[in-house]
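The next block holds one structure in the form of structure tokens; read it before the comments.
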Amino acid sequence: MTQSDTTLNADGSPPAHRRAESKGLSARQRAYDGLRKGILSGDFPPGEFIEEAMATKATGVSRTPVREALSRLAAEGFLVLHPRRGAMVKPISTNELFDLYDVRLMVESHAVSRICREKAPIPQLLFDLCDKHATIAEDDFLAFADLNHRFHETIVRTAGNAVLNQVFENLRANLTRVAMLSFQLGVPKQREGTMHRALADALAAHDESRALEITKEHLGSMPRVVAALADAGPSRSGF
């Protein structure tokens, strides 16, 4: 988060510009968005407990929607709920991240092959997401991370396998955290956009060999990012 995102008023309430940005959203959604952003940006680091009182001040909503948001984030894999202790930001080990890469590569490679072999129609959304890439502010890492996940999620859904969709959805929390950390470490966002466009074009042409080649090259940066995160140490790595 930027300084303006995290600074609270003297009474612990969010500043006026954040209240204005949240207007129209439910208290539950404001709590969820604020806490999720705090986790992904590192304001709530892995292993730290998020207390309800802290969360209500940080998000500007009451305890009930905060509790609901914490439960939702736990269900998605961002948090671990401990009886009588509260919600802890889930740590991720280096080994888990390498395992995550293996599973992601298997899922997306299968999806790409199935799309090409069955000549499945490619949704316009995939190209719209490519276009949207250039409109995101360079320092909005969370927007890039969410866009990246939507792009790859769309590919998996296009393959038409409901079980595969569920497997990929279960990876969402960890994949988003890795994407955020990789952008913070300086992975070129423009290169990501270029590869997304190339992959979308290959899928539209149902060119399986080209689509698989791009997929492996694109996802191949993940092991290097994980290694860099491990070398950076806990304070930088965020897992």
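Here are some notes:
- Residue check: E108 meets all listed conditions (1) loosely packed, with under 14 Cβ neighbours inside 10 Å; (2) in the same structural domain as P223 (by TED's automatic domain parsing); (3) assigned to a helix (DSSP H, G or I) but one, namely (1).
- Region 188-198: number of residues that are part of a helix (DSSP H, G or I) and either free of Cβ contacts under 8 Å to residues at least 40 places away in the same chain or under 13 Å from P123 (Cα atoms) (or both): 5
- Output for region 170-187, where each listed residue is in contact with a helix residue (DSSP H, G or I) (Cβ under 8 Å, 6 or more places away or on another chain), farther than 26 Å from Q124 by Cβ and free of Cβ contacts under 8 Å to residues at least 40 places away in the same chain: V187
- In the condition set (1) over 23 Å from M180 (Cβ atoms); (2) at pLDDT below 90, S62 is compliant with all but (2).
A quick yes/no check of all residues on (1) over 17 Å from A134 (Cα atoms); (2) modelled with pLDDT of 85 or more; (3) hydrophobic (A, V, I, L, M, F, W, C):
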| site | (1), (2), (3) |
| --- | --- |
| R177 | yes, yes, no |
| S182 | yes, no, no |
| E192 | no, yes, no |
| M195 | no, yes, yes |
| A204 | yes, yes, yes |
| R210 | yes, yes, no |
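- The listed residue being among the acidic types (D, E), closer than 27 Å to L185 by Cα and either buried (at least 16 other Cβ atoms within 10 Å of the Cβ) or modelled with pLDDT under 90 (or both), out of E96, E68: E96
- Cβ separations smaller than 6 Å between residues 6+ apart or across chains give the following pairs from region 29-48 residues that are outside any loop (DSSP other than H, G, I, E, B) to residues that are aromatic (F, W, Y): G38/F44; I39/F78.
- Check on V80, part of a helix (DSSP H, G or I) and surrounded by 13 or more Cβ atoms within 10 Å (Cβ to Cβ): no
- Apart from one condition, A145 fits all of (1) more than 30 Å from A227 (Cβ to Cβ); (2) buried (at least 16 other Cβ atoms within 10 Å of the Cβ); (3) out of contact with any Pro (no Cβ under 9 Å at 6 or more places or on another chain); the exception is (1).
The values are calculated or read from the model by the stated rules, or taken from the named source; none is laboratory data. Just so it is clear, the structure is predicted and the values come from calculations on it, not from any experiment. Using ideal geometry, Cβ is built from the backbone for each residue, glycine included, and neighbour counts are taken over all protein chains shown.
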